[in-house]
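Asks: There's a structure below that I have some questions on.
The values are calculated or read from the model by the stated rules, or taken from the named source; none is laboratory data. The structure presented is a predicted model; accordingly, all values stated were derived computationally and were not measured. Using ideal geometry, Cβ is built from the backbone for each residue, glycine included, and neighbour counts are taken over all protein chains shown. When the accessible area is computed, the model is the full protein with side chains, heavy atoms only, and any ligands, DNA or RNA have been set aside. Shrake-Rupley method; radii C 1.70, N 1.55, O 1.52, S 1.80 Å.
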Amino acid sequence: MSSLTRLSLRMGSSSGPSSKITVTAANRLSNISRHLSSSSSSSSSQASNKATQGSTSAKMTSPHEDLVLFESHQSARMYKLNRSAKLNSLNQEMIDLLSKKIRNWRELESCKVIIGTGDQRAFCAGGDVKQLVLDLKEGKDTALPFFKSEFELNWTLGRLGKPYVAVIDGVTMGGGAGLSLPATIRIATPKTVFAMPETKIGYAPDVGANYYLAQLDGSIGAWLAVTGQELYGRAVYDLGIATHYVTPNLLPTIINEITQLESPSHSQISTLISSYTATPSSNSEPSSKTSPDGPSPIKGEIRDFLDKTFGLKSISEIDAALTKAQKDDKLSEEVKTWAKTQQDLITQRSPTSTAVALAGYRKAKESRRLDRTLLNDISMATAFAGPKRATEDFIKGVSSVLIDRKPNPEWIPSSLSDSKLSSNEITKNFFSTTPSSDQPELRFNPASASKLDSGRDSTWGQFRKYGLPSEDKIKASVDGYAPGSGAFALTEKELIDQFSEGEVHGSRRKEIESRVRNVIERKCKKDKQGYLEWK
């Protein structure tokens, strides 16, 4: 059944005989489908403007429509990144356009929900670092102004105060994570490819991403930050990057239904999208590039080993643990193979970048604040790309990987055990508490609601709220600390019911039940009466 037919049937069952409402909704769905699937030329933009005049949906004009498109649908506002030839990678013009519009929408009372999309290949492949490095080689100072404006946009997106939905259908990396991770609702599909790949090019995760990666289970965030490993399809959802998982053909219908909500709440939107949850594939093959709809491969023994290894304090310790694991007869062959794969990945990365990535992640997990994380990011970006930079690896990496297309850049230092990569040296050179004269000053709009370094901020712990339950949330219920969990110990059935009650149904309910059971199996023990206790 097509999305349009399905919508018409839903409208028919609730709207009575009025064909006017159905036709209006159908027109809106058609506009949204075009918004999601087409890359607009100037002529098609003009045609679309004419088609939407006088309807409930309207495209808002922009001086750079080829880069970002903006639309209004009743109480909803939508942006579409539209630089498809570059996989929607962000340049300064796009950042400026988005910043102005997002800040306007944040203050606009008639705007009740913001929806961000890309095209059929990519949400956003990251920042256009290739151009930044070409400019650096020509002596142009465009890198730091770009990072400053990008990080300020990342802050605003994380402080909207209203529902924000990011449709991460396709490639979502680097700067694309900076746009999407602040969203309370993040929709993945089998086409989603997520990564923070910065260590491949002599840089490290920025855009506030570590604030969100640090809210993933165990040491998964550290693993993603250090290795730059890609996640595909369902694994993006299983591991907590996305809150929902649907098939791409249903996106126009889902978005259209969101736009029909008069004053949508986060929970309303989440429940609506959950009703379209994609049924798990019958294929048991783990999620990968060729099998994106399979379950995440990060589970069982591999997950236990990941937490232990990437929870270590230094990159040299992680490398040593990966080496040791490959000869450890107590580990399964599956874990040994996985350890070798991770070590091979890290060997290809800039040693400096992996050390900075790990330090940035650990600092975000310690501070539990988005403002502090972004301040660390601008300090780090200045050390990588400023006039008095601490390393040339960023220029070397981008030049080799993205400009010259030559493998194996000559990183300096080349060894993970080099003394320059010690925690103290990395902090001194990349995360100094005294900003250098070259470091841009970030201006947070809106202003932070609490003092810097005064403890966790107001959104810490909310990143996973509308997705599959996190291990921390399940632990809080088992230990009796979660709101409404009560003072009594819970049985497995009681714990599962607590997370799956209410409006959760269908495939989504089954996934939540499976998720809670898996955590119980790994993290809990039962007494003789069947009551749970966290190990």
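Asks: Here is a list of conditions, (1) polar (S, T, N, Q); (2) surrounded by fewer than 24 Cβ atoms within 10 Å (Cβ to Cβ); (3) in contact with a Phe, Trp or Tyr (Cβ under 6 Å, 6 or more places away or on another chain), and residue 287 meets all of them except one; can you say which number that is?
Replies: Status for residue 287: all satisfied but (2).
Asks: Which pairs have Cβ atoms under 9 Å, sit 6 or more apart or on different chains, and link a residue in region 230-255 that is among the acidic types (Asp, Glu) to one that is assigned to a helix (DSSP H, G or I) and open to solvent by 10 Å² or more (accessible area, probe 1.4 Å)?
Replies: Once the first residue is among the acidic types (Asp, Glu) and sits in region 230-255, its partners that are assigned to a helix (DSSP H, G or I) and open to solvent by 10 Å² or more (accessible area, probe 1.4 Å) give 238/511; 238/515.
Asks: Just checking, does region 474-481 include any residue being at pLDDT below 90 and open to solvent by 30 Å² or more (accessible area, probe 1.4 Å)?
Replies: yes
Asks: Out of region 184-208, which residues are buried (at least 24 other Cβ atoms within 10 Å of the Cβ) and either of a type in the set (S, T, N, Q) or in a loop (DSSP other than H, G, I, E, B) (or both)?
Replies: 189, 192, 196, 199, 202, 203, 204, 205, 206, 207, 208
Asks: I'd like to check something: does region 220-234 contain any residue that is of a type in the set (Phe, Trp, Tyr) and closer than 19 Å to residue 163 by Cα?
Replies: Within region 220-234 (the criterion being of a type in the set (Phe, Trp, Tyr) and closer than 19 Å to residue 163 by Cα), the answer is no, since none of the residues qualifies.
Asks: Of all residues in region 429-452, which are within 30 Å of residue 349 (Cβ to Cβ), open to solvent by 40 Å² or more (accessible area, probe 1.4 Å) and in contact with a Lys or Arg (Cβ under 7 Å, 6 or more places away or on another chain)?
Replies: Answer for region 429-452, where residues must be within 30 Å of residue 349 (Cβ to Cβ), open to solvent by 40 Å² or more (accessible area, probe 1.4 Å) and in contact with a Lys or Arg (Cβ under 7 Å, 6 or more places away or on another chain): 436, 438.
Asks: Any idea which of (1) farther than 26 Å from residue 292 by Cα; (2) open to solvent by 10 Å² or more (accessible area, probe 1.4 Å); (3) out of contact with any Leu (no Cβ under 6 Å at 6 or more places or on another chain); (4) not in a loop (DSSP other than H, G, I, E, B) is the one residue 114 doesn't satisfy?
Replies: (2)
Asks: Determine the pairs where a residue that is over 22 Å from residue 259 (Cβ atoms) and open to solvent by less than 10 Å² (accessible area, probe 1.4 Å), located within region 150-174, has a partner that is assigned to a loop (DSSP other than H, G, I, E, B) and aromatic (Phe, Trp, Tyr) with Cβ atoms under 7 Å apart, the partner being 6 or more residues away or on another chain.
Replies: Here the result reads 155/444, each pair linking region 150-174 to a residue that is assigned to a loop (DSSP other than H, G, I, E, B) and aromatic (Phe, Trp, Tyr).
Asks: For region 315-327: of the residues being of a type outside the set (A, V, I, L, M, F, W, C) and in a helix (DSSP H, G or I), which is farthest from residue 229 (Cα to Cα)? Break it down into steps so the answer makes sense when it comes.
Replies: Looking only at region 315-327, we keep the residues that are of a type outside the set (A, V, I, L, M, F, W, C), and these are 316-317, 319, 323-324, 326-327.
Now narrow it down to the ones that are in a helix (DSSP H, G or I): 316-317, 319, 323-324.
Values: 316: 19, 317: 19, 319: 16, 323: 19, 324: 21 Å.
The qualifying residue farthest from residue 229 (Cα to Cα) is 324.
Asks: Which numbered condition in (1) assigned to a helix (DSSP H, G or I); (2) open to solvent by 60 Å² or more (accessible area, probe 1.4 Å); (3) more than 26 Å from residue 431 (Cα to Cα) is the only one that residue 330 fails?
Replies: Only one criterion in (1) assigned to a helix (DSSP H, G or I); (2) open to solvent by 60 Å² or more (accessible area, probe 1.4 Å); (3) more than 26 Å from residue 431 (Cα to Cα) is unmet by residue 330, namely (1).
Asks: Take the residues of region 392-428 that are basic (Lys, Arg) and under 28 Å from the mean Cα position of the chain (by Cα): which is surrounded by the most Cβ atoms within 10 Å (Cβ to Cβ)?
Replies: So the residue we want is 396.
Table: residues versus (1) touching a helix residue (DSSP H, G or I) at 6+ places or on another chain (Cβ under 8 Å); (2) at positive phi; (3) among the charged types (D, E, K, R).
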site	(1), (2), (3)
448	yes, no, no
470	no, no, no
474	yes, no, no
496	yes, no, no
507	no, no, no
513	yes, no, yes
519	yes, no, no
523	yes, no, yes
530	yes, yes, no
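Yes/no matrix, rows are residues, columns are (1) hydroxyl-bearing (Ser, Thr, Tyr); (2) open to solvent by 30 Å² or more (accessible area, probe 1.4 Å):
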{"position": "258", "(1), (2)": "no, no"}
{"position": "274", "(1), (2)": "yes, no"}
{"position": "278", "(1), (2)": "no, no"}
{"position": "299", "(1), (2)": "no, yes"}
{"position": "313", "(1), (2)": "no, yes"}
{"position": "322", "(1), (2)": "no, no"}
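Asks: Please enumerate the residues belonging to region 252-289 that are under 16 Å from residue 192 (Cβ atoms), modelled with pLDDT of 95 or more and among the polar types (S, T, N, Q).
Replies: Scanning region 252-289 gives 277, 287, 288.
Asks: Name every residue in region 341-382 that is touching a residue at least 12 places away in the same chain (Cβ under 8 Å), under 23 Å from residue 420 (Cβ atoms) and among the acidic types (Asp, Glu), in order of residue number.
Replies: 377
Asks: Also, quick follow-up: Does any residue of region 344-358 turn out to be farther than 21 Å from residue 213 by Cβ and acidic (Asp, Glu)?
Replies: Of the residues in region 344-358, the ones farther than 21 Å from residue 213 by Cβ are 344, 347.
Imposing the further condition that a residue be acidic (Asp, Glu) reduces the set to 344.
Yes, the conditions are met somewhere in region 344-358.
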